[in-house]
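Each value in this text was obtained by applying a stated rule to the coordinates, not by laboratory testing. Note that the coordinates shown come from a computational prediction; the quantities given were computed from them, not determined experimentally. With ideal geometry, Cβ positions are generated from the backbone for all residues, glycine too; neighbour counts draw on all protein chains shown.
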Amino acid sequence: MKKCASYIIFTLLLAAIACACSDDIDIKQGYEFEVTHLPVPKKLKIGETIEIRCQLERSGYFDEAAYRFRYFQTDGKGELRMDDSEPFLPNDYYDLVKESFRFYYTSQCDEQQVIDIYFFDNRGNSHILSFTFNNDNGEEEEV
């Protein structure tokens, strides 16, 4: 009788272990994120450079998360760079290596300028920042 009870307990333990070692464990690797920024001027003069201070805000952390960005300039002409880097090329991908970072945009025309910066992670999440700058010709606007 003792042997029978031992086999039943052993069988139940094996079944419990087999159920506990499931391959269906779901480890979250992709977390939503956004990129926030401080206010920036709405008007720029030709040749003027502004700083865009940004912060990557993640809803969770995964050690292997990687972030990239690319930008497009749909109106006007200007240069976007980060710190002492060369100006970025529109539509090329660049790695984002810091969570706090600064872009520098230099106006190169006297027309309206629009830039869109697209951020991506390696899990398919994305976020967009869009900036519109008008020419600062020194005249006061009428209200």
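Checking each residue in the range 87-122 for being surrounded by fewer than 17 Cβ atoms within 10 Å (Cβ to Cβ), under 19 Å from residue 55 (Cα atoms) and acidic (Asp, Glu) picks out 95, 99, 116. With respect to residue 84, is the statement that it is under 21 Å from residue 47 (Cα atoms) and surrounded by 15 or more Cβ atoms within 10 Å (Cβ to Cβ) true? Considered against the rule, which asks whether it is under 21 Å from residue 47 (Cα atoms) and surrounded by 15 or more Cβ atoms within 10 Å (Cβ to Cβ), residue 84 comes out as no.
Answer yes or no as to whether residue 46 is in contact with a His (Cβ under 6 Å, 6 or more places away or on another chain) and aliphatic (A, V, I, L, M). No: the conditions fail for residue 46. A Cβ distance below 7 Å, combined with a sequence gap of six or more or placement on separate chains, defines the contacts here; from the range 53-69, residues that are over 18 Å from residue 128 (Cβ atoms) reach residues that are among the hydroxyl-bearing types (Ser, Thr, Tyr) in the pairs 60/31; 62/31.
For residue 33, work out the one condition from (1) free of Cβ contacts under 8 Å to residues at least 60 places away in the same chain; (2) surrounded by 13 or more Cβ atoms within 10 Å (Cβ to Cβ) it doesn't fulfil. Here residue 33 meets the rest and fails (1). For residue 72, indicate whether it is on the phi < 0 side of the Ramachandran plot, buried (at least 16 other Cβ atoms within 10 Å of the Cβ) and in contact with a strand residue (DSSP E or B) (Cβ under 7 Å, 6 or more places away or on another chain). Here the answer is no, as residue 72 does not meet what is asked.
Against the test of being without any contact (Cβ under 8 Å) to a residue 60 or more places away in the chain and small (Gly, Ala, Ser), the options 107, 100 yield a single qualifying residue, 100.
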